[in-house]
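What follows is one structure encoded as structure tokens, with my remarks underneath.
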Number of protein chains: 2
Amino acid sequence: MATLKQVAAHAEVSVQTVSNALNAPHRLRPDTLERVNRSIELLNYRPNRNARSLRTSAVELIGYCVPSWPNQTHLVMDQFLHALCAAAERTGRHILLFTAPGGVDGMPTYDDLHARRLVDGFVLSQTETHDPRHGWLKQQGIPFVSFGRVWKETTQPGAWVDVDGAAGSATAVRHLYETGRRRIAFLGWPKSSGLAEDRANGWRDTCQDLGLPTAGLAVRCREDTIEEGAHATARLLDADGAVDGIVALSDILALGALRELTRRGLTPGRDVGVTGFDDSPLAEVVSPGLTSLRQPMDQIAEELITILTGGPAETAPAGRLLQPELVIRGSSAPG
Amino acid sequence: MATLKQVAAHAEVSVQTVSNALNAPHRLRPDTLERVNRSIELLNYRPNRNARSLRTSAVELIGYCVPSWPNQTHLVMDQFLHALCAAAERTGRHILLFTAPGGVDGMPTYDDLHARRLVDGFVLSQTETHDPRHGWLKQQGIPFVSFGRVWKETTQPGAWVDVDGAAGSATAVRHLYETGRRRIAFLGWPKSSGLAEDRANGWRDTCQDLGLPTAGLAVRCREDTIEEGAHATARLLDADGAVDGIVALSDILALGALRELTRRGLTPGRDVGVTGFDDSPLAEVVSPGLTSLRQPMDQIAEELITILTGGPAETAPAGRLLQPELVIRGSSAPG
DNA sequence: GCGGATGTTTTTAACGTTCAAACCCCGTGG
DNA sequence: CCACGGGGTTTGAACGTTAAAAACATCCGC
């Protein structure tokens, strides 16, 4: 494994000159640069990242805590991780995975990784209602950025990127409206979840703007399962006044809606328009295809990395709210 | 940020003694050790991993290439990553994520990560039929271990861990047999996939052992979608001779089967027993619950890490075949 | 009372890189 | 003719750690 020293000897220059050839090529005379580059190529030299990190005290690694999965089905995690990795790599960085207990119990793990210089900073996700991590990291002066707002807090420590759930629901409602739906229901979760509230608000406000009814059209499911989605849909269908559109807060709930409709001999897309959230792999794989609000993963990842790695001069706004994109499939085909 | 030198000064010993206190405490006199440990604690010292890695030329990081997701829906990736992380951490290591082009085009990326000392070795997954990575890495002398065999090769370079698909199907068939099913079909993929063949063989052999028919009971789906699974099930149900059990090669196909059964007024679990593969989050979330073959993720991860990090003395067998576990749910409830 | 064995601690020298300062050379202007 | 400036290059030191060897202390048996 070639080192700077060997390259320097081969090119008959000093070690520092080779270092400059890589980090500040403009400092070299063109012919020297050329000669050094040839030696680098010839010896197949690759800088040792550990030595570099030791000297510069920057490891170019970003920590990400893998959510413990029984917690919540995170069907789009692979998309997110892929996008995050790709974005990090575009800046010469990489993602380091780790596990940690939830809440404040996990903080020593974060602290340790930073103190031992395994990572420069963190990307947080799976943000919870009173997530203690943001404040703690901020207080320790450890760099981080959050995917997701800490809901119900007026001000949240540190920078964040999030997807506009209210706007997402609004788009879904408008899409259903444009395809002729006039009684559009909302399948949600309990009010305790900030994310659920955000999406519910978008639905309610847009319905009201369009002059559509909302009374009795919001159903809260206890769990994020197909079963619950189906039950909730059944309740909607059994109630007075037909429902011809359903905005579900998750693809799983939407799947439940599709199942219940089909079971009753109704055709999703023709008789009732259904939309989901997140555009998980399921949306594509289910029949007749589930219209869903796709999170702009690449853009999210890009923003996260930019904010996290942008120098301190980067006095960016505290947060960045991105718009989901409605991917239209059979479940909302014009009736 | 405290360094060894500062701790040494505080404890009034040499730097090396502090290092020994951490790496070889048995070498210290108990009272010295006690004193040094107090200083470490007091100054909240954490060893700098970069300096250590530079000296020992071992980074304690394991590379894992995030599969590019459009490729294949990998519904259990989060489970796998979590298990892998946890297993790595038990040995003081961590997982570094990266992206790379598929096949041989990705090899420079692997090489680079290793040459720059970002990782000590790799865990490969998403193994493909003629996966070039194994041979390439072996030839370069880069440590790795594979989750998944390179199918249809008599000998595969390097060590691997895999789940016994044939045994999985066999378990599923026997379970369906024990709950009274006598015409058990198989929902698979084309023969080109080694994984598919493995699972198909287990089904066929076990049916024959039990004296059950197999002729006309194996259906190949072109894609891994719910739609395809439903179509295939429809074909089975339309053919001569009733089908009362279905072993599907994936949870997605199994979901298709459930849908088609329900559509025809049949009750999964009562009229027809259905099993899937992988125990993805869907299996739990669908109604009436999908019986599925769970990959022993924790054990897989543990074996992968053990093989990869076990010293060279570890002349372990080239491969390790683990048994999947049948998780029984409503879709195969005794009829 | 001395050679040797054993146990504990310190010294020295790296690991491969980058930063800061010094140095050299050459052209320019006074 | 010399001081000055600046591009290009080298020198020296440092980042924080560990391996190996050296030094020191203690104890034992003869």
Quick one: in region B:286-306, of everything that is among the aliphatic types (A, V, I, L, M) and modelled with pLDDT of 95 or more, which residue is farthest from the chain's Cα centre (by Cα)? B:LEU290
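Show me the strands (runs of 3 or more DSSP E) entirely contained within region A:116-174 in which 1 or more residues are free of Cβ contacts under 8 Å to residues at least 24 places away in the same chain.
Those strands (runs of 3 or more DSSP E) span A:144-147.
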Name, by its number, the condition in (1) within 16 Å of DNA strand C (Cβ to nearest atom); (2) at the interface with chain B (Cβ under 9 Å from one of its Cβ atoms); (3) surrounded by 15 or more Cβ atoms within 10 Å (Cβ to Cβ) that does not hold for A:PHE98. (1)
Given the structure, is B:ARG93 more than 17 Å from the chain's Cα centre (by Cα) and more than 9 Å from chain A (Cβ to nearest Cβ)? yes
B:VAL7 being of a type in the set (A, V, I, L, M), surrounded by 17 or more Cβ atoms within 10 Å (Cβ to Cβ) and either within 30 Å of B:GLY148 (Cα to Cα) or near DNA strand D (Cβ under 9 Å from one of its atoms) (or both): yes
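What about A:MET107, is it out of contact with any His (no Cβ under 8 Å at 6 or more places or on another chain), of a type in the set (A, V, I, L, M, F, W, C), buried (at least 17 other Cβ atoms within 10 Å of the Cβ) and within 7 Å of chain B (Cβ to nearest Cβ)? Explain how you work it out, then say what you get.
Values: out of contact with any His (no Cβ under 8 Å at 6 or more places or on another chain): yes; of a type in the set (A, V, I, L, M, F, W, C): yes; buried (at least 17 other Cβ atoms within 10 Å of the Cβ): yes; within 7 Å of chain B (Cβ to nearest Cβ): no.
Taking the combined requirement at face value, the residue does not satisfy it.
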Filter pass, A:ARG116 being at the interface with chain B (Cβ under 7 Å from one of its Cβ atoms), at pLDDT 95 or above and surrounded by fewer than 23 Cβ atoms within 10 Å (Cβ to Cβ): yes
Can you confirm whether B:ALA2 is exposed (fewer than 15 other Cβ atoms within 10 Å of the Cβ), near DNA strand D (Cβ under 9 Å from one of its atoms) and modelled with pLDDT under 95? no
When region A:36-90 is checked residue by residue, the ones that are at the interface with chain B (Cβ under 7 Å from one of its Cβ atoms) and either touching a strand residue (DSSP E or B) at 6+ places or on another chain (Cβ under 7 Å) or charged (D, E, K, R) (or both) are A:ARG46, A:ARG49, A:VAL66, A:ASP78, A:LEU81, A:CYS85, A:GLU89
Just to be sure before I move on: is A:ASN20 within 14 Å of chain B (Cβ to nearest Cβ), within 12 Å of DNA strand D (Cβ to nearest atom), surrounded by 15 or more Cβ atoms within 10 Å (Cβ to Cβ) and free of Cβ contacts under 8 Å to residues at least 40 places away in the same chain in the structure I sent? no
Exactly one condition in (1) at pLDDT below 95; (2) within 30 Å of B:ARG49 (Cβ to Cβ); (3) of a type outside the set (Phe, Trp, Tyr) is not met by B:ASP131; state its number. (2)
Candidates A:ALA242, A:ALA167, A:ALA234, filtered to the one that is surrounded by fewer than 23 Cβ atoms within 10 Å (Cβ to Cβ) and within 22 Å of B:VAL285 (Cα to Cα): A:ALA234
Take the conditions in a helix (DSSP H, G or I), touching a Leu at 6+ places or on another chain (Cβ under 9 Å) and either in contact (Cβ under 8 Å) with a residue 40 or more places away in the chain or surrounded by fewer than 13 Cβ atoms within 10 Å (Cβ to Cβ) (or both) and apply them to B:ALA88. Does it pass? yes
Which condition breaks for A:PHE144 when tested against (1) farther than 28 Å from A:PRO108 by Cβ; (2) surrounded by 22 or more Cβ atoms within 10 Å (Cβ to Cβ)? (1)
Return the only residue of B:GLY92, B:GLY141, B:GLY168, B:GLY158 being in contact with a helix residue (DSSP H, G or I) (Cβ under 8 Å, 6 or more places away or on another chain) and within 22 Å of B:ALA58 (Cα to Cα). B:GLY158
Has region B:281-288 got at least one residue that is more than 13 Å from chain A (Cβ to nearest Cβ), among the hydroxyl-bearing types (Ser, Thr, Tyr) and farther than 21 Å from B:GLY165 by Cα? no
Taking the stated definitions as given, is B:ILE252 over 16 Å from B:SER332 (Cβ atoms) and of a type in the set (Val, Ile, Thr)? yes
Would you call A:VAL163 closer than 18 Å to A:HIS74 by Cβ, of a type in the set (Val, Ile, Thr) and more than 14 Å from every other protein chain (Cβ to nearest Cβ)? yes
From the list A:THR214, A:THR225, A:THR206, A:THR262, which one is surrounded by fewer than 24 Cβ atoms within 10 Å (Cβ to Cβ), within 11 Å of another protein chain (Cβ to nearest Cβ) and within 30 Å of A:THR127 (Cα to Cα)? A:THR225
Flagged in region A:119-144 as within 13 Å of chain B (Cβ to nearest Cβ) and of a type in the set (Ser, Thr, Tyr), in numbering order, are A:SER125
Residue count for region B:180-191, restricted to those that are buried (at least 19 other Cβ atoms within 10 Å of the Cβ) and either modelled with pLDDT under 95 or assigned to a helix (DSSP H, G or I) (or both): 2
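Any residue at all in region B:53-71 that is more than 13 Å from DNA strand D (Cβ to nearest atom) and without any contact (Cβ under 8 Å) to a residue 12 or more places away in the chain?
Yes, because at least one residue in region B:53-71 is more than 13 Å from DNA strand D (Cβ to nearest atom) and without any contact (Cβ under 8 Å) to a residue 12 or more places away in the chain.
The values are calculated or read from the model by the stated rules, or taken from the named source; none is laboratory data. The structure presented is a predicted model; accordingly, all values stated were derived computationally and were not measured. Reconstructed Cβ throughout: ideal geometry from the backbone, glycine too, with neighbour counts over all protein chains shown.
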